[in-house]
Amino acid sequence: MHGRPRKAPTLEEQEAFSVKASKLRSLQSQFLQFHHAKIYTKEALDVSAKLLESNPEYYTAWNYRKLAVQHNLNLPEVENNEESVKSILDEELRLVENALRRNFKSYGAWHHRKWVLSKGHSSTDKELLLLGKFQKADSRNFHAWNYRRFVTTLKDIPNEKELEYTTDMIYDNFSNYSAWHNRSVLLSHLLKEKAKGYSPKDNVFTDEYEFVRHALFTDPDDQSGWFYHLWLLDQTVKLETLLVSSWPPHGCNLSLSADGSFGDCSLSPFTNLQTNTRTLPLILYFSEAVENICSSTVVIECENIASNELVWRSLSGDGAGSAQAWLTYLNFPEEHAHSEKAYQVKVSLARSRGIFSSTGVHHGDSSHIEFSVSVPPYRSEHVDLKNEGKISWSDESFCTHDTQFLESALVNLFHLERTKIDETVVDYQWNITTINNEISHYRELLSTMNCKIGKLTLARLLIAHDTLMSYTGTSHRNFSHHAEVLQLYDDLKKMDPAHLHYYQDEYSIVLLKQTISNQELLLKHCRKYRDPSFPRINNFCLRLNNLSLSRIGSMEQLLWVQVLDLSHNQLKTLEGLEVMQLLSCLNVSYNKLCSFTALEPLKLLRSLKVLYISYNEIGAHSIDTRRYLCSSPLNHRSGGDWKTEESEIHCVEVADNWEAYAIFKDLNLIQLDLKGNAVSDEKIKSLLIKLLPSLKWLDGESCR
């Protein structure tokens with residue numbers, strides 16, 4: 001453990017262990033008899049003390065001591081006698097000290113000492129002296145540091161004084177991870193309280209960057225300081241929670257299609273939306289996960305739509321109340337007029353403490369989004385999409401757009417910005433200057449040595465710089481470091497193969513960001529379907545196939561996509577796709593999806609009609625660590641939505657394939673392809689045909 005090799009015990013050691021185990025079993029048997037009988041005599045306490053001094057990890061014995069202490073403190077002859085109370089609690093402190101000498105990393109012993117001190121009858125004067133002894137034995141013992149924070153709070157020791165202590169400990173040994181961590185905790189408190197000498201925080205962080213740099217440049221291979229540097233970087237970039245994207249985007253003029261088709265192939269996805277209903281999804285995407293998006297924090301002004309009646313839901317795969325993307329639906333009334341009706345929509349998010357992130361950061365800007373929606377006249381009949389033919393994803397089925405048309409169609413993606421109600425301007429100059437300064441220092445470090453954690457930090461710094469520049473509204477083309485970051489991750493994959501998958505995931509996110517953020521690169525991946533008679537395939541298909549992507553990101557820039565090809569990559573999960581509420585056609589064939597649970601984000605996509613998951617690894621692995629992230633319908637927590645008696649599906653079929661049932665029961669697919677997977681057999685096909693009444697094509701063949 002912790003890099004320490006184990007060796008087989010000698011015969012003498014084995015005999016000693018046997019004798020020790022025998023004594024412990026005898027003590028434990030006596031202790032349990034006293035415990036079950038609720039006996040708290042001196043004899044019983046002596047037995048429990050001997051047991052804990054031999055084995056400080058016996059939690060039941062520590063809990064027994066608490067019960068015994070409480071029982072004895074409530075005795076009539078003790079209750080009002082301060083000296084007797086102090087004597088009982090001092091005995092507990094003595095026992096804990098002896099146990100810690102045996103194992104000073106015992107959770108139970110440290111927790112028991114906290115419990116005793118919290119009674120308020122014991123002196124805390126000797127606690128720091130005791131801590132000094134333990135921290136001298138192991139200065140990185142996080143139990144002792146955690147207890148130190150508890151004691152300094154009890155003694156009301158100023159955070160400034162404790163910060164000086166951590167400085168001394170780091171100077172003594174800058175490999176002290178616990179001291180670096182304690183420093184971040186103390187600084188967080190001091191900055192939040194705006195203590196004297198710690199405001200503005202720009203000056204504090206400038207000094208801290210210089211302080212940690214001395215440690216990193218002294219021994220670049222030690223990780224302790226690097227973690228603290230990562231914390232500083234996080235504080236420098238995460239300034240406020242921002243609304244970074246939306247669908248529909250600000251300034252667009254959107255037309256809903258009456259029959260779900262694009263009659264004019266010259267129309268872009270930013271001006272037309274194919275839908276068979278008079279419902280429009282409204283998506284807000286933030287810079288980090290936020291909570292409390294509701295009618296009181298988001299106001300929508302539109303004719304015939306009551307803002308206070310709209311229901312917002314978080315678009316997170318785990319169904320949590322915190323998410324980066326939030327969704328509601330605008331339902332336009334059925335107008336019987338013979339012409340289109342245009343609606344002006346305004347969405348306002350005032351600077352409010354009501355919207356906040358999981359880290360406690362509040363929504364930082366007052367912004368609004370304005371767009372128009374042209375709704376066609378009401379039609380009593382609906383187009384039956386099930387009468388369509390099957391869609392092909394072969395290269396021959398797609399062709400390139402006219403370059404001039406593409407540039408004009410995608411102009412919304414790169415030039416439509418959110419507008420702000422107030423004129424408050426946030427100055428990021430210090431943050432950008434600081435990051436630039438750090439980039440220069442670590443480029444200098446890497447010019448003299450090949451340090452893997454230095455390369456990783458430089459990659460993170462470059463990404464942080466690009467993030468800050470995006471907050472200023474600067475054009476991506478003028479500042480992005482994507483190429484350099486990709487090269488750094490390529491180097492890391494070769495230098496550190498043990499963490500290959502992590503670097504590949506980070507590489508994929510940056511590659512996708514580079515592709516989507518650059519108009520010229522994005523144009524190369526936009527295609528149109530050759531056959532114009534398919535209303536489900538609109539004029540824009542984003543083909544991100546054959547990019548070796550193992551993870552997807554930059555979802556805030558993909559909200560407009562309705563047809564997406566992610567085939568021939570290395571994806572193991574579809575996490576992130578849940579925010580793409582317009583998605584109607586998806587191809588993720590030839591990836592590394594190993595179970596149906598990897599498809600769970602698709603459960604939230606109401607518009608999805610075509611799904612290709614062929615030639616993955618679904619069912620090929622006997623053990624899938626992700627499978628339990630998807631609740632079994634046999635689990636009582638899943639609610640009462642498993643009502644197979646109302647359909648043709650038998651309970652046995654669902655029990656054998658509950659993952660498939662949980663994923664597909666809420667989808668409305670017309671075309672599904674899952675051939676080439678180990679799970680693809682007649683039983684699963686039979687279940688899917690019953691589960692998906694709208695399904696017409698399964699594995700390329702008609703199933704109705």
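The table below lists the values:
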{"item": "In nm, spacing of pseudo-spin labels at Lys133 and Ile305 (7 Å Cα→C-beta vector)", "result": "7.0 nm"}
{"item": "By average C-beta atoms within 10 angstrom, highest first, the peptides 92-104, 691-703", "result": "92-104, 691-703"}
{"item": "FRET E, pair Asn253, Trp430, Förster distance 45 Å, beta-carbon r, rounded to 0.05", "result": "0.70"}
{"item": "Inter-label distance for Leu73 and Asp168, nm, one decimal - labels placed 7 Å from Cα along Cα-to-Cβ", "result": "3.3 nm"}
{"item": "Pairwise centroid distance, computed over Cα atoms, of the range 12-48 with the range 493-530, Å", "result": "61 Å"}
{"item": "Point-to-point label distance, Lys238-Thr206, nm (Cα→Cβ direction, 7 Å offset)", "result": "2.5 nm"}
{"item": "Percent carbon-and-sulfur accessible area, the range 55-177, ignoring ligands, DNA and RNA, probe 1.4 Å", "result": "50 percent"}
{"item": "Difference of contour (0.36 nm per residue) and Cα-Cα distance, Ala678 to Ser394", "result": "100.0 nm"}
{"item": "Share of Cα-Cα pairs in the range 548-594 lying beyond 11 Å, as whole percent", "result": "66 percent"}
{"item": "Ordering of 16-27, 214-225 by packing [mean C-beta count within 10 Å, highest first]", "result": "214-225, 16-27"}
{"item": "Dipole of the range 114-270, positive end: most advanced residue of Tyr209, Tyr171, Ser118 [Cβ charges, Cα centre]", "result": "Ser118"}
{"item": "Mean Cβ neighbour count within 10 Å, used as a protection proxy, ranking 497-505, 665-673 highest first", "result": "665-673, 497-505"}
{"item": "Förster radius 22 Å - calculated FRET efficiency between His189 and His214 (Cβ-Cβ, nearest 0.05)", "result": "0.40"}
{"item": "Extension gain from Leu523 to Ser18, taking 0.36 nm per residue of separation minus the Cα-Cα distance", "result": "174.5 nm"}
{"item": "Rounded to the nearest 20 debye, dipole of the range 430-579 from Cβ charges on Lys, Arg, Asp, Glu", "result": "420 debye"}
{"item": "Cβ-Cβ FRET estimate between Asp222 and Glu91, R0 fixed at 41 Å, reported to 0.05", "result": "0.45"}
{"item": "Volume per residue that the Cα convex hull of the range 89-155 spans, once the total is divided by residue count, Å³", "result": "72 Å³"}
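The values are calculated or read from the model by the stated rules, or taken from the named source; none is laboratory data. Not measured: the values here are computed from a predicted model. Glycine also receives a Cβ, built like all others from the backbone with ideal geometry; neighbour counts cover every protein chain displayed. Surface accessibility is based on the protein's heavy atoms, side chains included, excluding ligands, DNA and RNA. Shrake-Rupley method; radii C 1.70, N 1.55, O 1.52, S 1.80 Å.
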